[in-house]
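See structure below.
The values are calculated or read from the model by the stated rules, or taken from the named source; none is laboratory data. Bear in mind that the values here come from a model prediction, so they are computed numbers and not experimental data. For neighbour counting, all protein chains shown are included, and Cβ atoms are generated from backbone atoms with ideal geometry for every residue, glycine included.
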Amino acid sequence: MGPKGPDGAMSRFTALFEALVIDWLKEASITAVACQLRMGWDQVDGVMQRAVTRGLARRARKPAAPRRRGRDLLRASRGGTST
């Protein structure tokens, strides 16, 4: 079976196939992708919804970038001051 979604339910499709569907959706409509891959519109929409959910979950888990205040090395080498 395919990958588990955030709700724990198994997907009918493999992760590789879902990645293919998402790549195609970047270029074409849901209807066109469904027709080309011989899927139903609702199946393509389900793949898209799972991808959005995974992306939002990944964004929530990603730690914020540390704020860094570094010296401008070029300015310092020329005798300038830095803040």
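Kindly establish whether Ala32 is among the small types (Gly, Ala, Ser), part of a helix (DSSP H, G or I) and in contact with an Asp or Glu (Cβ under 9 Å, 6 or more places away or on another chain). Spell out the reasoning first.
On the way: among the small types (Gly, Ala, Ser): yes; part of a helix (DSSP H, G or I): yes; in contact with an Asp or Glu (Cβ under 9 Å, 6 or more places away or on another chain): no.
Considered against the rule, which asks whether it is among the small types (Gly, Ala, Ser), part of a helix (DSSP H, G or I) and in contact with an Asp or Glu (Cβ under 9 Å, 6 or more places away or on another chain), Ala32 comes out as no.
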Go through (1) modelled with pLDDT under 95; (2) part of a helix (DSSP H, G or I) one by one and return the number of the condition Val21 breaks. (1)
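Any idea how many residues of the range 33-60 are aliphatic (A, V, I, L, M) and farther than 13 Å from Val21 by Cβ? Spell out how you get there, then give the answer.
So the first thing to find is which residues in the range 33-60 are aliphatic (A, V, I, L, M), and the list is 33-34, 37, 39, 44, 47-48, 51-52, 56-57, 60.
Next cut, farther than 13 Å from Val21 by Cβ only: 56-57, 60.
The total comes to 3.
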